[in-house]
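**Student:** I have a structure here, written as structure tokens, and I will follow up with some questions on it.
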Amino acid sequence: MDELGFGVTGENLHCGTPINPASPSVVPGGSCSGSAVAVSAQLVEFALGTDTTGDLRIPASFCGVLCFRPSQGVVSTLGTLPNSHSLDTIGWLARDPHILSRVGDALLPAAACGLKGKRQLVFADDCFELLKIPNQKTVDVIENAVRTLPYGFQPPKHINIGQYISSNVPSLKEFCEPSTKLQEGKSALKALCTVMLLLQRYEFKANHEDWVNTVKPKLGLEVSTRVLQAVNFTDDNIKSLYIVRTEWRAALKNLLKILEF
């Protein structure tokens with residue numbers, strides 16, 4: 001695991017880097033490289049991990065396994081060391097979609113309460129279009145995996161999430177590049193990523209600045225760079241970051257209600 005859960009390669013200066021079973025010549029991805037490698041190598045059926053800005057999703061994609069990152073706050077983070085308390089989430093990885101689902105049955109509060117919502121996938125087509133592989137190929141792979149699950153899913157729906165964000169998160173305009181050549185939706189996605197990274201830096205600094213300045217830990221180059229960026233973070237416009245977060249959560253909640261019908 002990357003030191004402090006603050007990297008994307010899965011490398012660790014002190015403990016070494018676990019070998020990616022799916023492709024030994026490349027890094028396993030991080031920060032939760034150990035969890036992803038253990039699952040990919042068939043050492044365990046599933047593994048837990050934290051996800052702040054991709055810490056489970058990145059190694060899952062690198063190591064060729066599945067992962068699930070629930071909404072922030074759905075699974076308790078009690079007992080974990082926070083990186084960014086507004087973004088930190090507990091998720092899990094598995095090779096088999098059945099196992100991934102069974103872990104969800106155990107951890108998700110809706111499952112514990114016996115709540116049965118409509119089971120449906122919604123594809124953010126504009127996000128998949130950013131990949132170098134055809135959008136439909138990705139959709140087909142996911143749909144085929146879902147068909148193996150023991151309960152039926154509704155027909156999938158499709159959305160341009162960037163355009164939806166642009167129309168429903170007005171405070172985000174402050175973070176959009178003024179002369180961007182990107183389409184409006186892609187510009188909104190890029191601005192939302194910027195807000196996420198700035199919020200992570202601010203909260204990491206609030207949680208760990210004193211420790212970093214006192215201990216002066218020896219860290220790998222990538223993690224050290226990220227830590228320094230966070231500790232030296234001086235943005236005065238913190239309120240705007242939380243306004244974007246609040247508007248985006250409300251917009252996403254409303255979108256999910258709309259998609260139920």
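**Student:** Could you order peptides 187-199, 52-64 by the average number of other Cβ atoms within 10 Å of their residues, highest first?
**Tutor:** Per-residue Cβ counts within 10 Å, averaged per peptide and sorted highest first, yield 52-64, 187-199.
**Student:** Could you point to the residue in ILE238, HIS14, ILE90 farthest towards the positive end of the chain's charge dipole, with +1 and -1 charges on the Cβ of Lys/Arg and Asp/Glu respectively?
**Tutor:** ILE90
**Student:** I would also like to ask the following. Using a Förster radius of 30 Å, what is the FRET efficiency between ASP210 and LYS239 based on their Cβ-Cβ separation? Nearest 0.05, please.
**Tutor:** 0.80
**Student:** A further question on this structure: Based on the Cα atoms of the chain, what semi-axes does the equivalent ellipsoid have, where each is the square root of 5 times one gyration tensor eigenvalue, given in whole Å with the largest first?
**Tutor:** After diagonalising the Cα gyration tensor, the semi-axes are 28, 26, 18 Å.
**Student:** Extending each Cα 7 Å along its Cβ direction at LEU131 and GLN229, get the distance between those two points in nm, one decimal.
**Tutor:** The modelled label-to-label distance comes out at 2.5 nm.
**Student:** Using only Cα atoms, figure out Rg for segment 1-116 and give it as a multiple of 2.2 N^0.38 Å.
**Tutor:** Normalised Cα radius of gyration, segment 1-116: 1.03.
**Student:** Right, here's the next one. When each pair of different Cα atoms in segment 161-261 is counted once in the 1/r mean, what is the Kirkwood radius in angstroms, to one decimal?
**Tutor:** 15.3 Å
**Student:** Along the Cα-to-C-beta direction of ALA106, a point sits 7 Å from the Cα; which residues of segment 47-61 have their amide N less than 11 Å from that point?
**Tutor:** Answer for segment 47-61: 47-48.
**Student:** Which pairs break 27 Å Cα to Cα here: LYS205/LYS253; LYS132/LYS239; LYS190/LYS253; LYS173/LYS216; LYS132/LYS190; LYS137/LYS190?
**Tutor:** LYS205/LYS253; LYS132/LYS239; LYS173/LYS216
**Student:** Give the residue list of chymotrypsin sites (Phe, Trp or Tyr not before Pro) in segment 122-226 that are DSSP loop and have at most 12 other beta-carbon atoms within 10 angstrom.
**Tutor:** Within segment 122-226, the qualifying chymotrypsin sites (Phe, Trp or Tyr not before Pro) (loop, at most 12 other Cβ atoms within 10 Å) are TYR151.
Each reported figure results from applying straightforward, stated rules to the coordinates on display, with no laboratory input. Given the structure is predicted, the values throughout are model-derived calculations rather than measurements. Note that each Cβ is placed from the backbone with ideal geometry, even for glycine, and that neighbours are counted across all protein chains shown.
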